[in-house]
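*Asks:* This is the structure I have questions about; it appears just below.
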Amino acid sequence: MVLEDGTVFEGESAGIPGTTIGEVVFSTCMTGYQEMLTDPSFAGQILTFTYPLIGNYGVNSEDEESDFVQVEGLVVREICDFPNNWRMTISLREYLVSNHVVAIEKVDTRALTRHLRVRGVMMGAISTELTTPELLTELQKAPDYGEVNFVERVSTKVAYEWNHGKSVEHDGGKAHIAIVDLGLKRNIARFLAREGCRVTILPCSSTAEDILACKPDGVVFSPGPGDPKMLTPGISVIRELVGKVPIMGICLGHQMLGLAFGAETFKLKFGHRGANHPVKNLKTGKVSITAQNHGYAVDPGKLSSDIQVERINLNDGTVEGLRHKELPVFSVQYHPEASAGPLDECNLFAEFVGMVAQ
């Protein structure tokens, strides 16, 4: 494995033979590796797990957050070769091979993580076939992570209705929630379905007219990969929808909402990824432990006076939540749907459905 600054880590192949290139990031989760591997927000990235042993409960058919593995590659210290769990169908190693993932193990992931914390995330490559000089050449030719619109790659191409969960009737009928798929994790749709909602998933290219034509009672802009500044059409869509329908933004959707209301976004040095990020609600004083997966954050300096910062990250003070002062519009930078991670903030889906019903 070679990083763009020339740093080299040697290990053993843990997936298929080949070469892969992506932005190298790390996650602090101890569990939830299957959910993270299939999280579309990791598109374009090589994921490093800081926890030394990964795969000890195998892989099952229920914990996938999309149709396939989304990461460009995987870096671990050690893959468990003797997993055991009642839900398990195959091992992580078998899963990586069946999903055609280039992966490397026996790497000093502590040293790699410390390097990324000091130098910042950077492009890197894993290969079973190229030499270090050849990999560096390939890295120099590859586009930077922030130059690619990964949302177009991971979003659904056609609208569809979510039918993977059983909906429950509200007294006044089912609330209809439209989710704009910027890199949707299935657990968002699951939570909304559990709240009794009919859920429609829309492509990222949907216009305001397309969305309103579905006659939704509320709209969710989902998480997703990449630089939010590349999503100018989607940001304009949010501006058009404000005041016409309740809106909830999650992660990338939160960043786009911030941009729609005049804020700027910036790239974090090494991002927030994992399941142990403390977030404080400035209104209630409550502190929640949250799951996060993002490399960009909202700078509130030029934020419209109509919007207030409602939540902050207690580790670095970055914005974790926005709320409109009058309209039913709010967003969070973290993942209330977890998968993987704590469920401290899953009540936000019920809160949004309550806003829709008013």
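*Asks:* State whether the residues of the stretch 306-316 include one that is modelled with pLDDT of 95 or more, part of a loop (DSSP other than H, G, I, E, B), within 25 Å of F150 (Cβ to Cβ) and assigned by TED's automatic domain parsing to the domain that holds G196.
*Replies:* Checking the stretch 306-316: at least one residue is modelled with pLDDT of 95 or more, part of a loop (DSSP other than H, G, I, E, B), within 25 Å of F150 (Cβ to Cβ) and assigned by TED's automatic domain parsing to the domain that holds G196.
*Asks:* Okay, next question. Take the stretch 94-110 and flag every residue that is part of a loop (DSSP other than H, G, I, E, B) and exposed (fewer than 15 other Cβ atoms within 10 Å of the Cβ).
*Replies:* Those that are part of a loop (DSSP other than H, G, I, E, B) and exposed (fewer than 15 other Cβ atoms within 10 Å of the Cβ): H100, D108.
*Asks:* It is to be established whether one or more residues within the stretch 17-24 are assigned to a loop (DSSP other than H, G, I, E, B), acidic (D, E) and under 16 Å from the mean Cα position of the chain (by Cα).
*Replies:* no
*Asks:* Mind listing just one residue for me: the one in the stretch 188-207 that is of a type in the set (K, R) and closer than 17 Å to I250 by Cβ and, of those, surrounded by the fewest Cβ atoms within 10 Å (Cβ to Cβ)?
*Replies:* R194
*Asks:* I would also like to ask the following. I'm trying to understand the selection: among the residues of the stretch 166-209, which are modelled with pLDDT under 95 and either among the polar types (S, T, N, Q) or at positive phi (or both)?
*Replies:* S167, G173, G196
*Asks:* Hey, another quick one. If a residue must be under 17 Å from S222 (Cα atoms) and surrounded by 24 or more Cβ atoms within 10 Å (Cβ to Cβ), how many such residues does the stretch 36-53 contain?
*Replies:* 5
The values are calculated or read from the model by the stated rules, or taken from the named source; none is laboratory data. Since this is a predicted model, take the numbers as computed values, not measurements. Cβ coordinates were reconstructed from backbone atoms using ideal geometry, including for glycine residues, and neighbour counts include every protein chain displayed.
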